[in-house]
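K.L.:
Structure in structure tokens, see below.
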Amino acid sequence: MAREPAHAFASMLKTFKTASGKAGKYWSLKELAKQYPNVDKLPVSIRIVLESVLRNCDGKKVTAEHVEQLAHWAPNAERTDEIPFVVTRVVLQDFTGVPLLADLAAMRSVAQKLGKAPKTIEPLVPVDLVVDHSVMVDHYGTPKALDLNMKLEFQRNNERYQFMKWGMQAFDTFGVVPPGFGIVHQVNLEYFARGVYKSPHDQGDPPVYYPDSLVGTDSHTTMINGIGVVGWGVGGIEAEAAMLGQPVYMLTPDVVGFELSGKLREGVTATDLVLYVTSILRGEKVVGKFVEFFGPGAASITVPDRATIGNMAPEYGATMGFFPVDEATVDYFRGTGRTDKEIERFEAYYKAQGLFGMPAPGELNYTKVVKLDLGTVTPSLAGPKRPQDRIDLGHLATKFSELYSKPIEANGFNQPAEKLRARYPLAHNGESAEHEPPTPKVGAPLDEVEMFANRSTKAAAHVGDTAAHAKDDGVTIGNGDVLIAAITSCTNTSNPSVLLAAGLLAKKAVEAGLRVKPHIKTSLAPGSRIVTEYLEKADLLKYLEKLGFYLAGYGCTTCIGNAGDLAPEINEAITKNNLVGAAVLSGNRNFEARIHPNLKANFLASPPLVVAYAIAGNVMVDLMTQPVGKGKKGKDVYLGDIWPSAKEIDENLRYAMNAKAFRKNYEQIQANPGKLWSSIKGTTGQVYDWPKSTYIAEPPFFEGFKMEPHAADAGFTGARIMALFGDSITTDHISPAGAIKESSPAGIWLKAHGVSKADFNSYGSRRGNHDVMMRGTFANVRIKNLMIPAGPDGSREEGGLTLYQPGGEKMFIYDAAMKYIEQGVPTVIFGGEEYGTGSSRDWAAKGTQLLGIKAVVARSFERIHRANLVGMGVLPLQFRGADSWESLGLGGEEKIDVVIGGELKPQMDVKIVVHRADGTHQEVTVRLRIDTPIEVDYYKHGGILPFVLRQLLAA
Ligand code: SF4
């Protein structure tokens, strides 16, 4: 008999049976609904969180009051209650996973130093790390690209991989998927997620089962929401706490219902749909909320399409973009090789809980309902700087032309309009010279629906040879030229319909005689080996290759900024002529300098459109009215001529859902992880010995650690302003992941430690070394500190610079920070709206703390970054109403006091006093964005890590 736990809701533990008669226990939500009838009408996502709260109710971390509070969730109540959510598992990618492993290793070192058993520090839930962020596209356009790129990856990352191997043997519940298998979210979707789970410690007969749920150290963890799994991205610091047995704490969320109706039109892709959804939800301000999709349209779209929509939740700002489990989810499990036993249990469990099936309109209570008729979605791209800026395909050419000369504040590039169509030969044979191409005649756009008809016979307006194509007698480049075309990212490469569409388009393009200019950096980097397998089986891979889209790696590549460099002559032509070059990628983010430091215009598009724009060569080619290119015998070929039909895509989908292929592929992780990985030798033992390395170093977060926390910092006085930033400062601005500049503080440090420029690797790969990372904080080449006065033309200086006070000497933020720390002067940052938006990146908070910054004052914060600041003991303070640093008239030379009156409480009022050079002062009240009681504890302990470590060592 199963041992009944002492539990405030013990009577809710019931039994379910699978179709073949196997029994399991479960904490019944239907039973709970007898006590709290509201439960039956709760959004599905809230009910899954409620099950976790119910199951883990131990009277300590999770209390009966927590269960009651959530069972009473009301659509429009004020949100003051905190939910302790214990997750089933944790997933990591390598950029964030390595520093997390370094923190765990540092905790073990502390335990050893304090005479405690190092094994006290051990993940309590399964932790899976996928090495996906490190491969770069150094080589492309050749069959050897994958092999060469992986060899370079292993050369560059040897020390990090050795460290991971140490971790694999030191921790019992820590697994690694080696490089070359795929992208974490795709592997999660296709392999890690197993439906329902039982605790490894459960000896009951029958055992207790519960739904999969997780947190991941990557914002796009939400991709898993596509198969009904509750999960989202958290910073590494919170993930550490989760894996060490702490609940993930959050304010009870609003849940926005998103009702989908209708059907996608012929030729419209999942990528187009997700760009629509992103742009709609950005306008709905869903930050900190769950979004739950429902209705007949949600039931009609495929599971990979749902996963694509879930993936981009961070881009629309939501905590999740959730799709409930239904028949399609079960079919997806079947098609991707989950066992019959798992599938049967999964289905039976969800049915027993009353959580199976796509909710109909009106069935459940939501905070608000947003609607979209799928039939209204049109082919789109998004950019050039933000994923929520959707552009209809037919408007891209004009949009780019307009933005070219618009001021930066209007999202433009601030260039002289007369230079828009200038072209410049590459300087391989001498100086580049300017010449003007013929002015194009632009025809009236055709209806988008018509685009997908065969239009080779239509007399559409076109630009002759187009400004896009380099002349045959030598390559020229100009504004809007596509210089990177990348089929990349988990968002899209997990979706067979868009990958097959890209392959089919490539086939038709090749057959029509189209080609891609060799200087365009083309790459195919799927998030799973399954993709190349089905593209090969469908006989389509070879056509992508013919257009230059050779397999470059199985990993994030261009999506995370690992596009590799452009040819030197291209870089030279861009910088010398101030060109606005373009990237077209099937990724989900396009913030400045993320894709390549020299490419200012980055457009997100579906994989088939990536291929089409690579052929067209310039984003000013209007694919709705102009030919994609010239085919055989100089014949104009239009997009409608090569765009695959839904029928053609469907016919090939059978290659993509092959359970056997999935099983065989993922067996290789254990059976055949690859020669390169097998040859990595890691050290052994419970405690890491921290060999000298520029990649891995013992983090300083536990220096001088004592079991008793220091008294909490009750505000500070005389702080200097480190930076004044505008809106939408991303975590990539704060802590870039990409290339390390030679002349930057991090570059100088690496060179001083014997690392040559060629071996710098990226910031992302060096997150195990705080010396590099703190020097890289605020070092994004595009960040603009508005303390530095504008130039005569209104332009702003870019890069991680500040004016050191007093005196106003211009220097790197890192250098100024070290001077302020030496003098014991605290510092603050001021920001605008959406401070810390973008990827979850704990180094954006860790680096902020290590630079001695005590508070960030902004108009609003992104969810994860705000939590991470608290988790590192930095105060997030939010302006109220229309207040801002601009309205205070700050220039950067003022001194700042932060006055916390009385005991620290969540969301309390805090006073900021601004002292000006003329002796006057001004006060403003801001809101403390420490949101929950547990966050107050974290802050008082100097952050989550010391808090958790004290708990574990005291146990
Ligand atoms: S492919 Fe892009 S979105 Fe996906 S995990 Fe990698 S970086 Fe994140």
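The values are calculated or read from the model by the stated rules, or taken from the named source; none is laboratory data. None of the values given here were measured: they were computed from a predicted structure. Cβ atoms come from the backbone with ideal geometry, glycine included; neighbour counts cover every protein chain shown. With ligands, DNA and RNA removed, areas are computed over all heavy atoms of the protein, side chains included. Shrake-Rupley method; radii C 1.70, N 1.55, O 1.52, S 1.80 Å.
K.L.:
Does LEU928 count as closer than 30 Å to PRO699 by Cα and at pLDDT below 90?
P.N.:
no
K.L.:
Right, next: What residue, among those in segment 802-817 that are without any contact (Cβ under 8 Å) to a residue 24 or more places away in the chain and open to solvent by 30 Å² or more (accessible area, probe 1.4 Å), is nearest to ALA719 (Cα to Cα)?
P.N.:
Looking at the filtered set, the residue picked out is GLY807.
K.L.:
Related question: What pairs can you find where one residue is in segment 317-339 and over 30 Å from TYR835 (Cβ atoms), the other is at pLDDT below 95 and open to solvent by 10 Å² or more (accessible area, probe 1.4 Å), and their Cβ atoms are less than 6 Å apart, with a gap of 6+ or different chains?
P.N.:
Once the first residue is over 30 Å from TYR835 (Cβ atoms) and sits in segment 317-339, its partners that are at pLDDT below 95 and open to solvent by 10 Å² or more (accessible area, probe 1.4 Å) give GLY335/MET657.
K.L.:
Run down ILE280, ILE309, ILE224 and say which single residue is modelled with pLDDT of 95 or more, open to solvent by 10 Å² or more (accessible area, probe 1.4 Å) and part of a helix (DSSP H, G or I).
P.N.:
ILE280
K.L.:
Quick one: which residue in GLU259, GLU238 is closer than 24 Å to ILE121 by Cα, more than 16 Å from the ligand (Cβ to nearest atom) and outside any loop (DSSP other than H, G, I, E, B)?
P.N.:
Checking each option against the conditions leaves just GLU238.
K.L.:
Within segment 775-869, which strands (runs of 3 or more DSSP E) (wholly inside it) include 2 or more residues that are within 26 Å of VAL287 (Cβ to Cβ) and modelled with pLDDT of 95 or more?
P.N.:
The strands (runs of 3 or more DSSP E) meeting that bar are 827-830, 853-858.
K.L.:
Next question, about the same structure. What number of residues within segment 349-367 satisfy the criterion of being part of a helix (DSSP H, G or I) and surrounded by fewer than 23 Cβ atoms within 10 Å (Cβ to Cβ)?
P.N.:
Result for segment 349-367: 3.
K.L.:
Here's another thing I want to ask about it. Kindly provide the set of residues from segment 51-73 that are under 25 Å from PRO206 (Cα atoms) and part of a loop (DSSP other than H, G, I, E, B), ordered by number.
P.N.:
ASN56, CYS57, ASP58, GLY59, VAL62
K.L.:
Can you name the residue in segment 664-691 that is under 28 Å from the mean Cα position of the chain (by Cα) and farther than 30 Å from GLY754 by Cα and is also most open to solvent (accessible area, probe 1.4 Å) among such residues?
P.N.:
Within segment 664-691, the match that is most open to solvent (accessible area, probe 1.4 Å) is GLN670.
K.L.:
Another question about this same structure. Which condition number in (1) outside any loop (DSSP other than H, G, I, E, B); (2) without any contact (Cβ under 8 Å) to a residue 24 or more places away in the chain; (3) among the hydroxyl-bearing types (Ser, Thr, Tyr) is the one that SER743 fails?
P.N.:
Here SER743 meets the rest and fails (1).
K.L.:
I'd like the full set of residues that are part of a helix (DSSP H, G or I) and out of contact with any Asp or Glu (no Cβ under 7 Å at 6 or more places or on another chain), limited to segment 312-332.
P.N.:
Matches in segment 312-332: ALA313, PRO314, GLU315, TYR316, GLU327, ALA328, THR329, ASP331, TYR332.
K.L.:
Another question about this same structure. Pick from segment 19-39 the residues that are under 19 Å from ILE83 (Cβ atoms) and open to solvent by 40 Å² or more (accessible area, probe 1.4 Å): which of them is nearest to the chain's Cα centre (by Cα)?
P.N.:
ASN38
K.L.:
Given the conditions (1) outside any loop (DSSP other than H, G, I, E, B); (2) open to solvent by 10 Å² or more (accessible area, probe 1.4 Å), report the number of the one that LEU129 does not fulfil.
P.N.:
The failed condition is (2).
K.L.:
Could you please find all residues in segment 692-722 being of a type in the set (S, T, N, Q) and either more than 30 Å from VAL755 (Cα to Cα) or open to solvent by less than 20 Å² (accessible area, probe 1.4 Å) (or both)?
P.N.:
THR717
K.L.:
Has segment 855-863 got any residue that is under 30 Å from LEU949 (Cα atoms) and acidic (Asp, Glu)?
P.N.:
Yes, because at least one residue in segment 855-863 is under 30 Å from LEU949 (Cα atoms) and acidic (Asp, Glu).
K.L.:
Still on this structure: Counting only residues that are open to solvent by 10 Å² or more (accessible area, probe 1.4 Å) and either in contact with a strand residue (DSSP E or B) (Cβ under 8 Å, 6 or more places away or on another chain) or not in a loop (DSSP other than H, G, I, E, B) (or both), how many does segment 262-277 have?
P.N.:
2
K.L.:
Determine whether GLU886 is touching a residue at least 60 places away in the same chain (Cβ under 8 Å), open to solvent by 60 Å² or more (accessible area, probe 1.4 Å) and not in a strand (DSSP E or B).
P.N.:
Against the criterion (touching a residue at least 60 places away in the same chain (Cβ under 8 Å), open to solvent by 60 Å² or more (accessible area, probe 1.4 Å) and not in a strand (DSSP E or B)), GLU886 does not qualify.
K.L.:
Okay, moving on. When the residues of segment 546-596 are filtered to those that are of a type in the set (Val, Ile, Thr) and assigned to a loop (DSSP other than H, G, I, E, B), which remaining residue is farthest from the ligand (Cβ to nearest atom)?
P.N.:
VAL580
K.L.:
Taking the residues in segment 85-118 that are away from the ligand (no atom under 16 Å from the Cβ), touching a residue at least 12 places away in the same chain (Cβ under 8 Å) and not in a helix (DSSP H, G or I) as candidates, determine which candidate is surrounded by the most Cβ atoms within 10 Å (Cβ to Cβ).
P.N.:
Applying the filter and picking the extreme gives ARG89.
K.L.:
Please enumerate the residues belonging to segment 206-223 that are among the hydroxyl-bearing types (Ser, Thr, Tyr) and more than 14 Å from the ligand (Cβ to nearest atom).
P.N.:
If the condition is that a residue be among the hydroxyl-bearing types (Ser, Thr, Tyr) and more than 14 Å from the ligand (Cβ to nearest atom), then TYR209, TYR210, SER213 are the ones that fit.
K.L.:
Right, here's the next one. Of the numbered conditions (1) of a type outside the set (D, E, K, R); (2) assigned to a strand (DSSP E or B); (3) within 16 Å of the ligand (Cβ to nearest atom), VAL135 satisfies every one except a single condition; which is it?
P.N.:
(2)
K.L.:
From the list ILE121, ILE183, which residue is under 23 Å from LEU214 (Cα atoms), more than 16 Å from the ligand (Cβ to nearest atom) and either open to solvent by less than 10 Å² (accessible area, probe 1.4 Å) or within 22 Å of the chain's Cα centre (by Cα) (or both)?
P.N.:
ILE121
K.L.:
Can you tell me which residue among GLY718, GLY704, GLY682, GLY726 is touching a strand residue (DSSP E or B) at 6+ places or on another chain (Cβ under 9 Å) and not in a helix (DSSP H, G or I)?
P.N.:
GLY718
K.L.:
Sort out which residues of segment 458-495 are at pLDDT 75 or above, more than 16 Å from the ligand (Cβ to nearest atom), outside any strand (DSSP E or B) and surrounded by 24 or more Cβ atoms within 10 Å (Cβ to Cβ), and write them in order of number.
P.N.:
ASN479, GLY480
K.L.:
Follow-up question, since we're still on this one. Name the single residue that is most open to solvent (accessible area, probe 1.4 Å) among those in segment 241-256 being outside any loop (DSSP other than H, G, I, E, B) and hydrophobic (A, V, I, L, M, F, W, C).
P.N.:
Only one residue tops the list, namely LEU251.
K.L.:
Mind telling me which of the residues LYS165, LYS263 ends up being more than 21 Å from the chain's Cα centre (by Cα) and closer than 24 Å to PHE293 by Cβ?
P.N.:
Answer to the check: LYS263.
K.L.:
Kindly establish whether VAL610 is assigned to a helix (DSSP H, G or I) and touching a Ser or Thr at 6+ places or on another chain (Cβ under 8 Å).
P.N.:
In short, yes.
K.L.:
Right, here's the next one. Which condition does ILE48 not pass, out of (1) of a type outside the set (Asp, Glu); (2) in contact (Cβ under 8 Å) with a residue 60 or more places away in the chain; (3) in contact with a helix residue (DSSP H, G or I) (Cβ under 8 Å, 6 or more places away or on another chain); (4) assigned to a helix (DSSP H, G or I), if it passes all the others?
P.N.:
All conditions are met except number (3).
K.L.:
Can you say whether ARG156 is surrounded by 24 or more Cβ atoms within 10 Å (Cβ to Cβ) and in a helix (DSSP H, G or I), as far as the supplied structure shows?
P.N.:
no
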